[in-house]
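The structure's right below; bear with me while I get my questions together.
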Amino acid sequence: MEGFSAYLKDIGKYPLLNKNQEILLGRQVQAWVHGVNLTPREQKRGERAYHKLINCNLRLVVSIAKRYTNKCKRAEFFDLVQEGNMGLAHGIKKFDPERGYALSTYVYWWIRQSITRYLSTYDRVIRLPSHAVELLGKLRAWTPVFENAHGRKPTIEECAKYCKTSPVRMKEYIDKSNDAISLDAKVRCAEDNVALIDSVSCGTDVLEDVIWSIDVEKLDSSLSSLSERDRFIVEEVYGIGTGLPKTFQGVAKQLGISREKTRNLFHKVIRKLQIKHRI
């Protein structure tokens, strides 16, 4: 948290912009992004305007990211901030100051989309499509309102109507909304709390079945195609071989590089593997 405190202190040095400043800088960014045969001076001016708009709105990203901390299961808060920063950077390039709305109003949706997509992809063991995550979030906020008004829980059909989707798809999303949990998790059984694995009735060793169901040879083959550093990052983050997953910060210390670079390398490797195996 010391590093994040230093980050908050650094971004607090950038002043907030008024509307006229946003419009002026936004025009320079648009001229830089869409310009043809720009002079070195125009190029430099556009880049400066782009980076200034980013730096002066980093506090907005932190504010938005805080709203999603209670939804995180595995992701760290700083990861949400970094994803939000990428959404901010993309939104600024798309911002058209001639339309009349404020920059913060426009980039809010890009920041929010970037964070929610990150959570739906990397914060769950069982991945859900990003639109399904947004739909379930909308449903969670609406359900208590419906219960207070009608004194009962909404039906699948009523949920589907509110979310503007079909009952079949709505039921599928709700059924798959619960993520995987550890077999060591405590569950209620009669009056005692016992581990989930102890409540499973099975004639064979559950863990043994899980282990043997993994295609070890395919996994090893995929990792062997990576460079030594990339393989090390993937193995440490997922705890392959040790069973003890590490954070990006922990892996970064071992490699002697920054946490952000470690995170970017990890996501780059994962995308490479996904494309290779068409996941």
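Where a number appears in this text, it was derived from the coordinates with a stated rule and is not lab data. Not measured: the values here are computed from a predicted model. As a convention, Cβ positions derive from the backbone with ideal geometry for all residues, glycine included, and neighbour counts pool all protein chains shown.
Extension gain D10-E228, at 0.36 nm per residue separation less the Cα-Cα distance, in nm? Each step should come with its number before you reach the end.
Values: separation 218, 0.36 × 218 = 78.48 nm, distance 3.46 nm.
In short, 75.0 nm is gained.
Something else now. Step through the table entries K93/K253; K94/K176; K73/K253, compare each Cα-Cα distance with 28 Å, and write down the pairs that go over it. Intermediate results must be reported in sequence, preceding the final value.
Working: K93/K253 34 Å; K94/K176 34 Å; K73/K253 23 Å.
Where the Cα-Cα span goes over 28 Å, the pairs concerned are K93/K253; K94/K176.
What residues of segment 50-67 lie in the reach of a label at R140, counting those whose backbone N is under 20 Å from a point 7 Å from the Cα along Cα→Cβ?
62-67
Just order 69-80, 128-139 by mean Cβ neighbour count inside 10 Å, highest at the front, would you? Walk me through the numbers on the way to the answer.
Working: 69-80: 15.5, 128-139: 17.1.
Highest-to-lowest ranking by the protection proxy: 128-139, 69-80.
What does the highest-first list of 50-63, 100-113 look like by mean Cβ count within 10 Å? Show your work: numbers first, answer last.
Working: 50-63: 18.4, 100-113: 16.8.
Per-residue mean Cβ counts within 10 Å order the peptides as 50-63, 100-113.
Modelled label-to-label distance, N20 and R152, 7 Å Cα→beta-carbon offset: nm?
That separation, rounded to one decimal, is 6.0 nm.
Compute the Rg/Rh shape ratio of segment 1-159: radius of gyration over Kirkwood radius, all on alpha-carbon atoms. Write out the running numbers ahead of the final one.
Values: Rg = 19.2 Å, Rh = 17.8 Å.
So for segment 1-159, dividing Rg by the Kirkwood Rh gives 1.08.
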